[in-house]
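S.K.: For reference, the structure I am asking about is given below.
The values are calculated or read from the model by the stated rules, or taken from the named source; none is laboratory data. In this text the structure is predicted, and so the values were computed from the model without any measurement. Reconstructed Cβ throughout: ideal geometry from the backbone, glycine too, with neighbour counts over all protein chains shown.
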Amino acid sequence: MNPSLILLALCQGLFLTNNVVFIAINGLVGFNLAPAGWMATLPVMGYVVGGALSTGLVARTQMRWGRQVSFQLGLLVALASALLCAYAAWSRNFWLLSAATVVAGYYSANGQLYRFAAAELAAPAFRERAVSLVLAGGLLGAVIGPNLAARTRTLTDTPFVGAYLALAAVALLAMALMAFVRFPPLPPKSSAEAKGRALAEIVRQPVFIVAAAGAALGYGVMNLLMAATPLAMDVCGFPFDDAALVLEWHVIGMYAPGFVTGHLIRRFGTLPIMGVGVLLNAACIAIALSGVDLHRFLVALFLLGVGWNFLFTGSTTLSLRAYRPEEKDRAQAFINFCMFSTMAVTSFASGALVTTQGWALLNLGSLLPVALLGAALAWLAWRQRAAHNAGS
């Protein structure tokens, strides 16, 4: 057990604190400031658009300066963007708020690499559990994030300004912890250094296709339903504290399984665990369609979180088979670009659909990507079985 894994898990928890608070309040602040109701989740969308736009820049930063410097730059951006969001909310400037969340996306693009960095801090036999353990650090965000949003939203005369200021303090704490993480040194560069395969060759592999689809569609469905939940509960007449409680249990579902997901993958295999994640997503949608009382919101979002954990941890583990060490930066950047691009679409769609078409139609639409992901897993399992039979 590398002590740096524990510190990285804590940084993951603070990263998720930032994400949960953003999701809990950006849609509501956007709804209060936006020129039209359907634009309410543009600040949520801005966060993931910024992440998508930053993936290439983050990859280049990591290649040039390594994990430590790149991650600290991301946290510095988190600090600055949180202060800018606070000013935008105080001055009631919707477009400045949206722009600030786009800038914050650089931090998100960095934070999404914590899970890959975890695999580099562990022995090969421990990689699955290292990834799972660092993702489990997000449980800290599950507890802190919703409570931080609820307790700081009225800290100042302008609602939610205090929450953004609290996120600036969270970024400072994460910077202090990250300073003590010891990452492997960058390999020495030389003109003769192998560059690995072209990206086009890497992404054509079936295992890479399914890994990228699992990360993108799994995160996309989760984001579509999670980003819409505070708005849907507000329309149904629930107070903000109830929405914060539902989000808290949702994020607990996302990260609490991380303590065992790595063990489950080692025992049962990656594809079966991802298949269970697909089934849990389907169960979430079924419960959400059955009614709109508080308990249904809570159980549905909890199952959505567990399903996401199985899919995301499985996708990350699966992707490790698809690229070599010298190819990791561009391969990981491509996976994150696919994920952020899908999240950008679902962030916008969640606000537009829930405010114009309703919660039920939003859930029905989620069935399509869930079915596509299930089909992709079945396809890869069939290919692997056929290859095994041909080899024997």
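S.K.: Against the condition touching a helix residue (DSSP H, G or I) at 6+ places or on another chain (Cβ under 7 Å) and among the basic types (Lys, Arg), how does Arg92 come out, does it pass?
M.R.: Considered against the rule, which asks whether it is touching a helix residue (DSSP H, G or I) at 6+ places or on another chain (Cβ under 7 Å) and among the basic types (Lys, Arg), Arg92 comes out as yes.
S.K.: Condition first: more than 12 Å from Val235 (Cβ to Cβ) and touching a Ser or Thr at 6+ places or on another chain (Cβ under 9 Å). Now tell me which residues in segment 352-365 satisfy that.
M.R.: Scanning segment 352-365 gives a single hit, Ala352.
S.K.: So which residues in segment 144-176 are surrounded by fewer than 17 Cβ atoms within 10 Å (Cβ to Cβ) and either under 30 Å from Asn2 (Cα atoms) or of a type in the set (D, E, K, R) (or both)?
M.R.: Matches in segment 144-176: Arg151, Asp157, Ala169, Leu172, Leu173, Ala176.
S.K.: Run Thr317 past the list (1) surrounded by 21 or more Cβ atoms within 10 Å (Cβ to Cβ); (2) free of Cβ contacts under 8 Å to residues at least 24 places away in the same chain; (3) not small (Gly, Ala, Ser) and report the number of the one that doesn't hold.
M.R.: So the condition that Thr317 fails would be (2).
S.K.: Anything in segment 58-82 that is within 12 Å of Ala109 (Cβ to Cβ), without any contact (Cβ under 8 Å) to a residue 60 or more places away in the chain and hydrophobic (A, V, I, L, M, F, W, C)? List them, or say none.
M.R.: Hits for segment 58-82 are Leu73, Val77.
S.K.: Further question: Select from segment 76-110 the residues that are of a type in the set (Ser, Thr, Tyr), part of a helix (DSSP H, G or I) and more than 22 Å from the chain's Cα centre (by Cα) and list them in ascending order.
M.R.: Tyr87
S.K.: Can you name the residue in segment 26-41 that is within 14 Å of Asn223 (Cβ to Cβ) and in a helix (DSSP H, G or I) and is also modelled with the highest pLDDT among such residues?
M.R.: Asn26
S.K.: Can you find even one residue in segment 264-271 that is buried (at least 18 other Cβ atoms within 10 Å of the Cβ) and either on the phi > 0 side of the Ramachandran plot or out of contact with any Leu (no Cβ under 7 Å at 6 or more places or on another chain) (or both)?
M.R.: yes
S.K.: For segment 228-333, please list each of the helices (runs of 4 or more DSSP H) lying entirely inside it that holds at least 3 residues being under 30 Å from Gly196 (Cβ atoms).
M.R.: Counting at least 3 such residues, we get 258-268, 270-289, 294-319.
S.K.: So, one more: In segment 121-136, which residues are modelled with pLDDT under 85 and either surrounded by fewer than 20 Cβ atoms within 10 Å (Cβ to Cβ) or outside any helix (DSSP H, G or I) (or both)?
M.R.: Hits for segment 121-136 are Ala122, Ala123, Pro124, Ala125, Phe126, Arg127.
S.K.: Assuming Asp242 fulfils every condition listed in (1) touching a residue at least 60 places away in the same chain (Cβ under 8 Å); (2) surrounded by 14 or more Cβ atoms within 10 Å (Cβ to Cβ) apart from one, which condition is it?
M.R.: (1)
S.K.: Please find, among Val69, Val20, the residue that is surrounded by 24 or more Cβ atoms within 10 Å (Cβ to Cβ) and within 30 Å of Ala122 (Cα to Cα).
M.R.: After applying the criteria, what remains is Val20.
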